[in-house]
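Asks: Let me give you the structure first, and then I'll get to my questions.
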Amino acid sequence: MPQVTRRQFLQRVGLGVAAAAVSACTPATRATPAPSPLPSGPPDWAGLKRRMSGTLLLPSDGGYPAAAQAYNPLYDAQRPAAIAQCTTASDVQACLDLAAASKTPVAARSGGHSFAGYSNPAGALVIDLGPMAGVEVRTDGTAVVGAGAR
């Protein structure tokens, strides 16, 4: 099997994405009615806290100021609506369910080192994957790497 370089892989993926975008613009697709929007309301932070095994930090919580600091101090003034420190995939799913139901914007934070501040947007639910940093090397030589591993 021939080796594929990273550049070749990204080019092929890019071509696939472009083809999918073009096919999504066909007249048959445009004629399909859009799904009805989900009902929205204010986020149920208390309900999310109950569903999570990790920690949900709100601006009124003691750990929030430290968790809300951005990698680049230029963006420290951006204040997320909440920061979910997820420990399981179920925590992430609970966050996404809440965001969809309340139309709350989300941002995933893994290493938290977005120089442009993308992992710390104002008014959004930050899904902090840092606590999911485990690395498991299996006996068959494969590894399972958590989303928060650096």
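The values are calculated or read from the model by the stated rules, or taken from the named source; none is laboratory data. Treat the numbers as computed from the prediction; the structure is a model and nothing was measured. When we count neighbours, we look across all protein chains shown, and the Cβ atoms used for this are built from the backbone with ideal geometry, even at glycine. Note: areas computed on protein heavy atoms with side chains; ligands, DNA, RNA excluded. Shrake-Rupley method; radii C 1.70, N 1.55, O 1.52, S 1.80 Å.
Asks: Residue check: is Ser36 at pLDDT below 95, touching a Lys or Arg at 6+ places or on another chain (Cβ under 6 Å) and either open to solvent by 50 Å² or more (accessible area, probe 1.4 Å) or more than 25 Å from Ser110 (Cα to Cα) (or both)?
Replies: no
Asks: Spot the failing condition for Ala99; the list is (1) open to solvent by less than 30 Å² (accessible area, probe 1.4 Å); (2) aliphatic (A, V, I, L, M); (3) at pLDDT below 95; (4) assigned to a helix (DSSP H, G or I), and only one is missed.
Replies: (3)
Asks: Could you give every pair whose Cβ atoms fall below 6 Å, whose first residue belongs to the stretch 87-99 and is over 19 Å from Val135 (Cα atoms), and whose second residue is among the basic types (Lys, Arg) and part of a helix (DSSP H, G or I), counting only separations of at least 6 or pairs across chains?
Replies: Ala94/Arg51
Residue-by-condition table, conditions (1) buried (at least 16 other Cβ atoms within 10 Å of the Cβ); (2) of a type outside the set (Val, Ile, Thr); (3) touching a residue at least 24 places away in the same chain (Cβ under 8 Å):
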position: Leu48; (1), (2), (3): yes, yes, yes
position: Thr55; (1), (2), (3): yes, no, yes
position: Pro59; (1), (2), (3): no, yes, no
position: Gly62; (1), (2), (3): no, yes, no
position: Ala68; (1), (2), (3): yes, yes, yes
position: Pro73; (1), (2), (3): no, yes, no
position: Ala81; (1), (2), (3): yes, yes, yes
position: Ala84; (1), (2), (3): yes, yes, yes
